[in-house]
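The values are calculated or read from the model by the stated rules, or taken from the named source; none is laboratory data. Treat the numbers as computed from the prediction; the structure is a model and nothing was measured. Note that we place each Cβ from the backbone using ideal geometry, even for glycine, and neighbour counts take in every protein chain shown.
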Amino acid sequence: MPAEIDVAIMVDGLRMRYGAADVLRDVTFQAHPGEILALLGPNGAGKSTTIEILQGFRLRSVGRVAVLGTDPARATERWRARAGIVLQSWRDHGKWRVQELLAHLGSYYAGWASEGTDCSSEGTGPPWDAAELVAAVGLTAQAGQRIGRLSGGQRRRLDVAIGIVGRPDVLFLDDPTAGFDPVARRDFHDLVRTLARDQETTVLLATHNLAEAEQLAERMIVPDGGRIVADGTAGELARRLAGEDEVRWTVAGGRCRQATTDATGFVRDLFARHGAAIGDLDIRRASLRGRLPGAGAPRRNQFRIQRRIRRTAGGGAMRPATVAVRAGITQGFVELRQSFTRMALVGQLFWPVATLAAVVVLRGTRTGGFTLGTLVLPGVLGMFIALGMLLSVQYLAADREDGTLLRAKAIPNGMRGYFIGKLVTVSGTIVAYLVILLVPGLFLVDSLDIEAA
């Protein structure tokens, strides 16, 4: 992270209003480079709305916001390369293989790595090697597996890997360990701590899980009803909201109890006075459990972005744009290859083969001096061109629904690569159809002309 940035995330007087209702009211906080900060609270507390604004996915009503010194609402692709995002639920790229997708998405960040040549530049380090990243999130055994066949927990690990593939300076995590087993959760916590410690990555974690926030975050912010009701470390919030620790013990047949802010020191003094006479010692630490509004309550799994990213100009560098073009072409050929699977090929070949069959059947029928066979073929060719347009709309709608479009928005120059990839996929599909029709079709037309002569 550039050395001149003292505050990685700055929020001042943030307000978000829908109609007459304020979802966020006067939200103010800061996060520093290398800090792990948790937004802890239940559904409806304003966590996700705050995260969306900081990511540039939603426009705020009032207030000042800066992430890495830039207003996310006016962020460039260069800024996007420095921000990692792990949202709550993804269903995209189901036909891709795990390591294949990580390598592909990582290529978008490669163009920005060279930008960080001095302490004042805003570049990133090189993206993670796909194989190393797969191992880091515990998916080595699934590296060659199709994403659509991953379990829920495995899919969540992949989402985390995608969020950090570009080695971001700021990482946004929305309930990242849902579906993780205890070992995977511990490994993920170690990975996040390493990012914060070694690369000074600022991590903003939105969660309802109090235990995870206490284990991972250095500081917790508790929103409730759109306002920040508490801000501090787990210990500070426990003392503020839950009171003091409580020490219970027995001595000389009597039961004793004492509240204290330093349970360890108190017990040390207690043994110094009474020694082995102390029995039934019980220390009850001040805890946030049950003290925070809605903490630990279940939350919905569905997460939908209701606003679109504001489209902005890129960073102006040619190399990242060129990389995006190449990544888009690669994406197009990969998806084209995926579309011609054994079962899909049967359905895709049906219409061209049926058309050729119609030409053969109708070739002797004449209408106005032309055979129906010669009329059918050109009409069908035009139909397939129109089909390409419909495919484009269909792809766009499906990708918007499963999160592919949002994924593209979350990476630098991702939208450029996305549309180039779809252009390659649709064009390749149409070309395949035309070849299937034209090669035997032109032969049939020639034979029809000979017969007519």
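If you check D399 against the conditions, is it modelled with pLDDT under 65, charged (D, E, K, R) and in a helix (DSSP H, G or I)? Let's see the steps before the verdict.
Details: modelled with pLDDT under 65: no; charged (D, E, K, R): yes; in a helix (DSSP H, G or I): yes.
Criteria not met by D399.
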| field | Residue in the range 216-223 that is farther than 26 Å from R82 by Cα, among the small types (G, A, S) and in a loop (DSSP other than H, G, I, E, B) present | value | no
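Mind counting the residues in the range 167-210 that are part of a helix (DSSP H, G or I), more than 21 Å from W112 (Cα to Cα), modelled with pLDDT of 85 or more and not charged (D, E, K, R)?
Quick first cut of the range 167-210, residues part of a helix (DSSP H, G or I) only: 182-199, 210.
Going one step further and asking which of them are more than 21 Å from W112 (Cα to Cα), we end up with 182-194, 197, 210.
Subsequent filtering for residues that are modelled with pLDDT of 85 or more retains 189-190, 192-194, 197.
Now drop any that are not not charged (D, E, K, R), which leaves 189, 192, 194.
Result for the range 167-210: 3.
Identify all residues within the range 47-78 that are among the β-branched types (V, I, T) and surrounded by 15 or more Cβ atoms within 10 Å (Cβ to Cβ); write none if there are none.
Of the range 47-78, the ones among the β-branched types (V, I, T) are 49-51, 53, 62, 65, 67, 70, 76.
Hits for the range 47-78 are T49, T50, I51, I53, V65, V67, T70, T76.
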| query | What tally of residues in the range 232-279 results from selecting those that are within 30 Å of G44 (Cβ to Cβ) and surrounded by 15 or more Cβ atoms within 10 Å (Cβ to Cβ)? | reply | 7
| remark: Result of the Cβ filter at 6 Å on the range 21-40, keeping first residues that are closer than 20 Å to A217 by Cβ and partners that are in a strand (DSSP E or B) and hydroxyl-bearing (S, T, Y), at least 6 apart or interchain, is A31/T202; P33/T202; E35/T202
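Out of all the residues in the range 141-159, which are among the hydrophobic types (A, V, I, L, M, F, W, C), out of contact with any Phe, Trp or Tyr (no Cβ under 7 Å at 6 or more places or on another chain) and in contact (Cβ under 8 Å) with a residue 40 or more places away in the chain?
Taking the range 141-159 first, the residues among the hydrophobic types (A, V, I, L, M, F, W, C) are 141, 143, 147, 150, 158.
Next cut, out of contact with any Phe, Trp or Tyr (no Cβ under 7 Å at 6 or more places or on another chain) only: 141, 143, 150, 158.
Those that are among the hydrophobic types (A, V, I, L, M, F, W, C), out of contact with any Phe, Trp or Tyr (no Cβ under 7 Å at 6 or more places or on another chain) and in contact (Cβ under 8 Å) with a residue 40 or more places away in the chain: A143, L150, L158.
Just for the range 249-303: of the residues that are part of a strand (DSSP E or B) and among the charged types (D, E, K, R), which one is modelled with the lowest pLDDT?
First, pick out the residues of the range 249-303 that are part of a strand (DSSP E or B): 249-251, 254-260, 279-284.
Still in the list and also among the charged types (D, E, K, R): 255, 257, 280, 282, 284.
Numbers: R255: 88, R257: 87, D280: 85, D282: 86, R284: 79.
Restricting to residues being part of a strand (DSSP E or B) and among the charged types (D, E, K, R), the top hit is R284.
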| task | For I53, state whether it is hydrophobic (A, V, I, L, M, F, W, C) and within 18 Å of the chain's Cα centre (by Cα). | result | yes
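For the range 147-165, give me each residue that is closer than 16 Å to A408 by Cβ and out of contact with any Pro (no Cβ under 7 Å at 6 or more places or on another chain). Spell out the reasoning first.
Of the range 147-165, the ones closer than 16 Å to A408 by Cβ are 147, 159, 162-163, 165.
Passing the criteria: I147, D159, I162, G163.
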| message | Pairs needed: first member in the range 99-125, of a type in the set (D, E, K, R); second member anywhere, modelled with pLDDT under 50; C-beta distance under 6 Å; at least 6 residues apart or different chains. | response | E115/S121
